[in-house]
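Notes to accompany the following structure.
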Amino acid sequence: MQPSSGELIGFSGERVPIRGHIWLKTTMGNTPLSKTIDVQYLIVNYPSPYNIILGRPALNNFRAVVSTLYLCVKFQVQGSKIATVYSDHQKARQCYNASLKRASTTQKPRQEVKAIHSTSEVLSLAELDPRNDFQERPQPVDDLQKVPLTRKADQFTYIGRALEGEEQSKLIKVLQDNADLFAWTPADMPGIDPRVICHKLAINKTIRPIAQKKRNLGAEKVKAALEETKKLLNADFIKEIRFTTWLSNVVMVRKNSGKWRMCVDFTNLNKACPKDAYPLSCIDKLVDNASGYKSLTFMDAYSSYNQILMHPEDQSKTAFITEHENFCYKVMPFGLKNAGATYQRLMDKVFHQQRGRNMEIYVDDMAAKTPSQGSHCDDIQEIFKQIRAYNMRLNPEKCAFGV
């Protein structure tokens with residue numbers, strides 16, 4: 001058994017510490033109709049009627065098809081032959097009854113996991129983009145220190161505590177000289193020139209537009225939706241629309257901070273659009289490419305998707321319902337099917353000379369990297385030059401320079 005850390009989280013929120021993990025050769029079926037593969041098992045010390053539970057990764061490796069109705073598993077062996085493993089109905093019932101008895105005696109008051117509940121609620125209603133970030137990101141507070149960018153006390157970013165002397169002073173000067181590349185409010189964003197890129201919907205013309213019926217929200221959610229709408233209007237992200245063909249409802253999701261986030265249920269609109277198969281980078285490869293460097297900087301774009309404008313012809317299709325009026329987006333909103341691909345295409349265009357050399361990018365997350373013999377400040381200035389050329393803006397609260 002190899003040491004391991006972490007927890008398994010159950011359906012009702014209970015947490016079980018992982019003692020370790022072990023690789024075992026696992027055989028499914030009876031010779032000659034059998035298959036053997038290496039399976040990694042997580043080991044926990046927890047009462048259960050089952051000795052081993054095969055998860056989806058193992059079943060997928062076996063290419064197994066499970067039937068809960070007939071209590072059997074089928075999988076392919078030796079070319080085109082199909083093997084079947086049958087369960088014992090009596091044993092299955094005994095295990096199920098044992099698990100119910102144990103659950104009734106050991107059940108604890110259920111703890112509400114707001115982040116998981118909120119994400120599930122929204123994903124069931126709309127095909128939201130993975131960049132929505134419903135859960136707060138962990139911040140390495142002990143390794144970072146605040147650096148003022150302007151004379152205003154609330155306008156700062158973070159740098160690594162390990163920087164000292166001339167290297168620290170030089171980096172701070174570079175950041176302060178480029179303070180205009182950071183945004184603290186949506187009004188600080190000029191937006192990407194539509195001649196560079198804008199988001200266009202390729203809706204299948206054979207599909208009829210769908211106007212969703214208005215859903216009733218609670219009083220608290222209605223108030224939060226009105227506040228969020230005002231913010232979007234003040235930022236010039238949306239505009240009022242009177243005659244609509246496509247119309248979607250808003251979905252209010254409570255964040256970890258207790259505040260509300262307004263999303264739009266673009267389910268019907270997304271179904272009418274073909275998928276943009278523009279390739280996203282492999283995260284494992286990005287991590288490998290960023291390892292072994294002396295200095296790193298992590299940057300995050302401010303309200304990233306909203307920096308790209310919607311194509312004028314498609315703005316009306318993003319219409320959504322509020323309590324009193326209907327609005328549509330002038331900028332690319334979260335939740336659209338191909339928004340991630342559009343933003344990745346923009347980043348590849350902006351940083352085509354830096355990618356792989358002194359920078360790694362995944363959608364709106366950017367990592368600058370400098371080897372031991374290089375100057376990290378020079379790399380940062382080169383990246384800032386590209387950001388300025390395309391009118392992009394960074395989120396200072398989610399950036400960490402020189403770590």
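Residues are listed down the side, and each one gets a yes or a no for (1) farther than 16 Å from Gly191 by Cα; (2) touching a strand residue (DSSP E or B) at 6+ places or on another chain (Cβ under 7 Å); (3) modelled with pLDDT of 95 or more:
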site: Ala319; (1), (2), (3): yes, yes, yes
site: Glu323; (1), (2), (3): yes, no, no
site: Pro333; (1), (2), (3): no, yes, no
site: Asn338; (1), (2), (3): yes, no, no
site: Tyr362; (1), (2), (3): yes, no, no
site: Ala367; (1), (2), (3): yes, yes, no
site: Ser375; (1), (2), (3): yes, no, no
site: Gln386; (1), (2), (3): no, no, yes
site: Lys398; (1), (2), (3): yes, yes, no
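Scanning the stretch 23-49 for residues that are at pLDDT 85 or above and over 30 Å from Lys81 (Cβ atoms) turns up Leu42, Ile43, Val44, Asn45. Residues that are without any contact (Cβ under 8 Å) to a residue 12 or more places away in the chain and either closer than 17 Å to Thr27 by Cα or surrounded by 14 or more Cβ atoms within 10 Å (Cβ to Cβ) (or both) within the stretch 69-78 comprise just one, Lys74. The combined condition, being more than 23 Å from Leu100 (Cα to Cα), at pLDDT below 85, open to solvent by 50 Å² or more (accessible area, probe 1.4 Å) and not in a strand (DSSP E or B), is fulfilled by Ser5. Name the single residue that is nearest to Leu8 (Cα to Cα) among those in the stretch 53-68 being in contact with a strand residue (DSSP E or B) (Cβ under 7 Å, 6 or more places away or on another chain) and open to solvent by 50 Å² or more (accessible area, probe 1.4 Å). Filtering the stretch 53-68 for residues that are in contact with a strand residue (DSSP E or B) (Cβ under 7 Å, 6 or more places away or on another chain) and open to solvent by 50 Å² or more (accessible area, probe 1.4 Å), the one nearest to Leu8 (Cα to Cα) comes out as Asn61.
The single condition among (1) under 30 Å from Ser5 (Cβ atoms); (2) under 35 Å from the mean Cα position of the chain (by Cα) that Thr68 does not meet is (1).
Give the stretch 157-211 a look and list any residue that's in contact with a Phe, Trp or Tyr (Cβ under 8 Å, 6 or more places away or on another chain) and open to solvent by less than 30 Å² (accessible area, probe 1.4 Å), or say none. Passing the criteria: Thr157, Ile159, Gly160, Leu171, Val174, Leu175, Asn178, Leu181, Phe182, Ala183, Met189, Ile192. The set of residues from the stretch 314-332 being touching a helix residue (DSSP H, G or I) at 6+ places or on another chain (Cβ under 6 Å) and either closer than 22 Å to Ile207 by Cα or of a type in the set (A, V, I, L, M) (or both) comprises Cys328, Tyr329, Val331, Met332.
No other residue among Lys239, Lys230, Lys275, Lys223 is part of a loop (DSSP other than H, G, I, E, B) and open to solvent by 70 Å² or more (accessible area, probe 1.4 Å) apart from Lys275. Do you know which residues across the stretch 363-389 are outside any helix (DSSP H, G or I), surrounded by 17 or more Cβ atoms within 10 Å (Cβ to Cβ) and not small (Gly, Ala, Ser)? Result: Val363, Asp364, Asp365, Met366, Lys369, Thr370. Quick one: is Ile22 among the β-branched types (Val, Ile, Thr), assigned to a strand (DSSP E or B) and touching a residue at least 24 places away in the same chain (Cβ under 8 Å)? It is false that Ile22 is among the β-branched types (Val, Ile, Thr), assigned to a strand (DSSP E or B) and touching a residue at least 24 places away in the same chain (Cβ under 8 Å). Per the listing Met310, Met262, the residue uniquely surrounded by 13 or more Cβ atoms within 10 Å (Cβ to Cβ) and free of Cβ contacts under 8 Å to residues at least 40 places away in the same chain is Met262.
The values are calculated or read from the model by the stated rules, or taken from the named source; none is laboratory data. Since this is a predicted model, take the numbers as computed values, not measurements. Because the Cβ atoms are built from the backbone with ideal geometry, glycine has one as well, and the counts that use them run over all protein chains shown. Just so you know, the surface numbers come from the protein's heavy atoms only, side chains and all, with ligands and any DNA or RNA stripped out. Shrake-Rupley method; radii C 1.70, N 1.55, O 1.52, S 1.80 Å.
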